[in-house]
1. How much accessible area per residue does the range 87-163 have, counting only protein heavy atoms and a probe of 1.4 Å, in square angstrom?
2. The chain: longest stretch without exposed trypsin sites (Lys or Arg not before Pro) (DSSP loop, at most 16 other Cβ within 10 Å), sites themselves excluded?
3. Cα gyration tensor of the chain, axes a ≥ b ≥ c as square roots of the eigenvalues: rounded (a/c below 1.5), prolate (a/b > b/c) or oblate?
4. Using DSSP to define loop residues, name the GluC sites (Glu not before Pro) in the range 1-79 whose beta-carbon has at most 15 other beta-carbon atoms within 10 Å.
5. Between the range 107-169 and the range 32-60, what's the alpha-carbon centroid distance in Å?
6. What percentage of the solvent-accessible surface of the chain, computed with a 1.4 Å probe over protein heavy atoms, is contributed by carbon and sulfur atoms?
7. Using only alpha carbon pairs under 8 Å that are at least six residues apart, calculate the relative contact order of the chain and give it in whole percent.
8. Across bins of 5 angstrom width beginning at 0, how are the C-alpha pair distances of the range 22-68 distributed, in whole percent?
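The values are calculated or read from the model by the stated rules, or taken from the named source; none is laboratory data. As the structure is a prediction and not an experimental result, all values here were calculated from the model. Here Cβ is always computed from backbone atoms with ideal geometry, including for glycine, and neighbour counts include all displayed protein chains. Accessible surface is based on the protein model in full, side chains and every heavy atom, while ligands, DNA and RNA are left aside. Shrake-Rupley method; radii C 1.70, N 1.55, O 1.52, S 1.80 Å.
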Amino acid sequence: MNPTASQLEWFESDHARARLEALDAQSLPQHIAIIMDGNGRWARAKGKPRLFGHKAGVKSVREMIASCVELGTGYLTIYSFSSENWTRPEEEVSGIMKLFVEVLSREVVNLNKQNVRVKLIGDLDDLPQSTREAFDNCVASTAENTGLTLVVALNYGARQDLVHATEAIAADIKAGSLTPEDITAQLISDRLSTAGIPDPDFLIRTSGETRLSNFLLYETAYTELYFTDILWPDFGRDQLLDALLSFQTRDRRYGGL
Ligand code: IPE
Ligand code: IPE
Ligand code: MG
């Protein structure tokens, strides 16, 4: 691509600039989803508590948002806390919940400056009140923005989401507003918490794990997957461009030829 002045300023390293020029601006993913994994191992390698890794991971989130803004990406979905992450020690869970509050209250100004609209997916009822309020404020304050949509998956589990969608469909059938014949793949999509958001084109998982861990199971039917050993706090703009170059080598056939 032919980088703009603003892109060259943000993607400042020689590594990034070379990759930026090699990318085809016409075939960038419209929706990037990320499983941000490896914060705990990153901290352990430095002899620090796990929360230190989560705090360091915030910088990578900021870099992904700014990079997507620069590249004109439509949607960025980040897996921030899974339905299963409650099984971690109480100290880690409450530390993460507090971190959300701190980061959101600090970053909402920047998100607005960057014209980013924040959306949430996941079960918000079980969150501590302060965390829920911080997210509600952020969503309300950025609702009118028209640039990147940042989808934060929080207390999210794809199976739980499918269960909720199925319950809602069953209730409508029972009430008579829907018939079994109305059920299509599109109708199911429309009942998921990701309704209205295009399916991800590209999914990145850091830290060397090669599984989906209950993330967007229905939506990733034809998503291109990218796994890297890099731990999340070390994943920045240069690494994102490496991933995007890999995306552009893929031949997306959707079952055809
Ligand atoms: C990802 O990093 C962040 C969350 C799940 C909240 P981890 O905390 O899973 O880090 P590892 O996988 O233990 O290294
Ligand atoms: C997935 O990572 C969840 C998030 C990144 C928020 P995990 O670390 O929880 O996944 P597993 O346990 O390795 O599958
Ligand atoms: Mg992990």
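1. Solvent-accessible surface per residue comes out at 51 Å².
2. Of all site-free stretches, the longest is 47-210.
3. Oblate, because a/c is 1.5 or more while a/b does not exceed b/c.
4. Taking the range 1-79 and a limit of 15 other Cβ atoms within 10 Å, the loop GluC sites (Glu not before Pro) found are Glu12.
5. Here the two parts' Cα centres lie 21 Å apart.
6. Carbon with sulfur: 50 percent of the solvent-accessible area.
7. That works out to 28 percent.
8. Distribution as computed: 5, 19, 21, 18, 14, 10, 8, 5, 1 percent.
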